[in-house]
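Visitor: Below is a structure I'd like to ask you about.
The values are calculated or read from the model by the stated rules, or taken from the named source; none is laboratory data. Since this is a predicted model, take the numbers as computed values, not measurements. All Cβ positions, even for glycine, are placed from backbone atoms using ideal geometry, and neighbour counts span all protein chains on display.
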Amino acid sequence: MTETKFPELAFAKAVKKAEVLNTPKSVLIYGDPKNGKTWLAASASELAELSPVLLIDVEGGATAIARDWKDVDVLAVDTHQQLDAAVEQLLTVKHKYKTVIIDTLGVAMNRAEKVFEEKAENAKNTFGKWADLKEWANKLTRNLHHAPFLTIFIAHAQDEKDDSTGAVKTVPMLPGSMRGTLPAIPDIIGYMTSERTDDNIRRALYLQGSDRLVSGNRFGLPAKMYDPSFKKILETIRKIGEAKK
């Protein structure tokens, strides 16, 4: 019997084994001010595979990393247009950066909202700016999620009350319905806080969702990680992967 030969698939060279994808493409870190969110993001510079690191400073919080992560490059952006231009360059021009940090996503979205509010076609349409903002935010986060570098989004936290049950949940501080839709894109959503253990105060990163918190990950990471860093996160992901071989 003659063996049937099939033509090679046009996309065959682009196919990868799933195990090589066992690393985050984008991460969302949120929490209250001054709990180490920016510090944790900048710790990516400790790893050669994630360096060089670019911090796009939307809010003016880059001083938090000046002491410990001196090699991080900082780009201060003061307007929506400046952020859009920077992201467009990062997505279309070959560059050295392996990690890009957006600090903070909420402030970036608030600036975008004001720009869309001032569009002539939205003058008498209160829903127009929200539609524009949702489209812009989804495009921004999805494009960066699929970029050839790691993207770390930073956001503040806020408590959201369910009027029907009275339950309170801590969520990323993002405008409107995007609090519920955008966290679905990143591979890791971590809530950063500080906790007292014995006589010490330690940073803690929550990595699994609960009735109280929006968080989660696609790698089987533990529910909580004390003194987190990106080195510790990636090492834990690899150990989990090796244990399953």
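Visitor: Taking the condition of being buried (at least 20 other Cβ atoms within 10 Å of the Cβ) and more than 30 Å from Pro33 (Cα to Cα), how many residues in the stretch 90-129 meet it?
Guide: Selection size over the stretch 90-129: 0.
Visitor: What's the total number of residues in the stretch 57-83 that are at pLDDT 95 or above and among the hydrophobic types (A, V, I, L, M, F, W, C)?
Guide: Looking only at that region, the number is 8.
Visitor: Still on this structure: Among Pro175, Pro183, which is out of contact with any Ser or Thr (no Cβ under 8 Å at 6 or more places or on another chain), closer than 16 Å to Pro24 by Cβ and in contact (Cβ under 8 Å) with a residue 24 or more places away in the chain?
Guide: After ruling out the rest, the residue left standing is Pro183.
Visitor: Checking the conditions here, which among Ala18, Ala86 is over 24 Å from Ala204 (Cα atoms) and at pLDDT below 95?
Guide: That would be Ala18, the only listed residue that is over 24 Å from Ala204 (Cα atoms) and at pLDDT below 95.
Visitor: Please verify whether Ala48 is more than 24 Å from Lys139 (Cα to Cα), surrounded by fewer than 16 Cβ atoms within 10 Å (Cβ to Cβ) and at pLDDT 95 or above, treating the condition exactly as stated.
Guide: It is true that Ala48 is more than 24 Å from Lys139 (Cα to Cα), surrounded by fewer than 16 Cβ atoms within 10 Å (Cβ to Cβ) and at pLDDT 95 or above.
Visitor: Please list, ordered by residue number, the strands (runs of 3 or more DSSP E) wholly in the stretch 131-239 having 1 or more residues that are over 18 Å from the mean Cα position of the chain (by Cα), of a type in the set (S, T, N, Q) and surrounded by 13 or more Cβ atoms within 10 Å (Cβ to Cβ).
Guide: In the stretch 131-239, the matching strands (runs of 3 or more DSSP E) lie at 188-197.
Visitor: Right, next: Check off (1) touching an Asp or Glu at 6+ places or on another chain (Cβ under 8 Å); (2) farther than 28 Å from Asn143 by Cα; (3) among the small types (Gly, Ala, Ser); (4) at pLDDT 90 or above for Ala167 and give me the number that stays unchecked.
Guide: Going through (1) touching an Asp or Glu at 6+ places or on another chain (Cβ under 8 Å); (2) farther than 28 Å from Asn143 by Cα; (3) among the small types (Gly, Ala, Ser); (4) at pLDDT 90 or above one by one, Ala167 breaks only (4).
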